[in-house]
Amino acid sequence: MNPVTIGLVLKHHRHTIRALRCPSHPQSMPMLAPEAEAAIEAADLPQPGAKKLDLKRLDYLGLGAMTTEDVNTALNPFTLPPRHKLELILLPDESDCGGAGPLPIFPSILHEWMRDAKFLKVTTGTSSSLMTVTYGTTEYTHTIFIVLPRGLTHRRAARGSALISLWPNQMADEIATYFTKAECLEMYGILPNLEQWRSILRSPAHYLYMSICGPSADELIRCLRARPQLAHGIKDIKIWLLGPDDPLNPHLPRLPSEEDVEDHTRRFQNFLTLAKKYFRIHQNLKTTSSLSSLTTRFYSNAGERWVRGYEGSLALSPIETSELFPGQMVDVSRGGWAENASWYLTCVPPPEGPQERFLAK
């Protein structure tokens, strides 16, 4: 269903429609924005700048694969109600930007909703071409499945080391620009690097709680340790260093080598030392730091918690650990996080055959 058709359906049923689902596969060909604009004019839909049509009874809108501009074209004639749920699959515009810089990822029609969001969650598979961004308040929720046609970029930290997957820089910049009131930030899977964390946290303090889980979760601690001012206002941080490469996980198809176990143990000690030194910095900043607790977990180990005013860390029980760190579904065969995304699976059915997954808990 193209943007014009969606617009016509919403226009003609705007007084009664409660839910609209328009599935389409990322490989389908969405209508190009110039063609859509001409069709909208012919269809007598409101033009940009004109009074918008109110979808006051709409509870749910699901859009299949569309480009950023086509989402703008489809939704620009309308005003969404205060209480609603929106899900869409987004294909970033791959056209030539003429050297003017990267094209926007998020549709401009949704920027206003992003600026009002109180929570933000981003999930990125470690080798997939999909980022899932969920944000909103207690009244509305938007979930955007961003398809990255070229996949994630990769680099090596050092010669001979494993490839490290990277976020698009544009994603970090847009999060910093539009999510200026979000108080709760969750990120899972592939995470920002040091420079991208600095970009995300550069705006005036507004995050109160952060929950970070992935194979490079310790990068956040390194970022905040180097620049403690970036954590201004944050009260609680949870960090789970977790990846599909855990040599001690019984779900993996091969037994770990002695070298794997030694590297794993060494990284665990380095992680604890890093967390301890970082929290000590905030203990010393008694008048300027708002951080009250730092909770960490290394793969399947029990959690550790540092609490302001107490020396040393507190070991968490298995029950406390599972409550603070909800189980994560990890896809071994694809090397990524398996997001529970029914709308995405409606538009993009999973591949046939067995899938190696395990629940990290």
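The values are calculated or read from the model by the stated rules, or taken from the named source; none is laboratory data. Treat the numbers as computed from the prediction; the structure is a model and nothing was measured. In this analysis, Cβ positions are derived from the backbone assuming ideal geometry, glycine residues included, and neighbour counts consider all displayed protein chains.
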Do you know which of the residues in the range 305-345 that are surrounded by 14 or more Cβ atoms within 10 Å (Cβ to Cβ) and among the hydroxyl-bearing types (Ser, Thr, Tyr) is modelled with the lowest pLDDT? SER333
What are the pairs, 6+ residues apart or on separate chains, where a residue within the range 189-207 that is free of Cβ contacts under 8 Å to residues at least 40 places away in the same chain and over 10 Å from LEU220 (Cβ atoms) has its Cβ under 6 Å from a residue that is surrounded by 14 or more Cβ atoms within 10 Å (Cβ to Cβ) and of a type in the set (A, V, I, L, M, F, W, C)? GLN196/TRP167; GLN196/ALA172; SER199/ALA172; SER199/ALA176; ARG202/ALA176; SER203/ALA176; TYR207/LEU185; TYR207/ILE234
Residue under question is ARG222, and the condition is that it be surrounded by fewer than 16 Cβ atoms within 10 Å (Cβ to Cβ), at pLDDT 90 or above and either over 17 Å from the mean Cα position of the chain (by Cα) or in a strand (DSSP E or B) (or both); does it hold? yes
I need the full set of residues from the range 208-219 which are free of Cβ contacts under 8 Å to residues at least 60 places away in the same chain and assigned to a loop (DSSP other than H, G, I, E, B), in order please. LEU208, SER216, ALA217
Single condition LEU75 does not satisfy, out of (1) surrounded by fewer than 21 Cβ atoms within 10 Å (Cβ to Cβ); (2) under 26 Å from the mean Cα position of the chain (by Cα); (3) among the aliphatic types (A, V, I, L, M); (4) modelled with pLDDT of 80 or more: (1)
Single residue of GLU41, GLU139, GLU112 found to be at pLDDT below 90 and farther than 30 Å from PRO215 by Cβ: GLU41
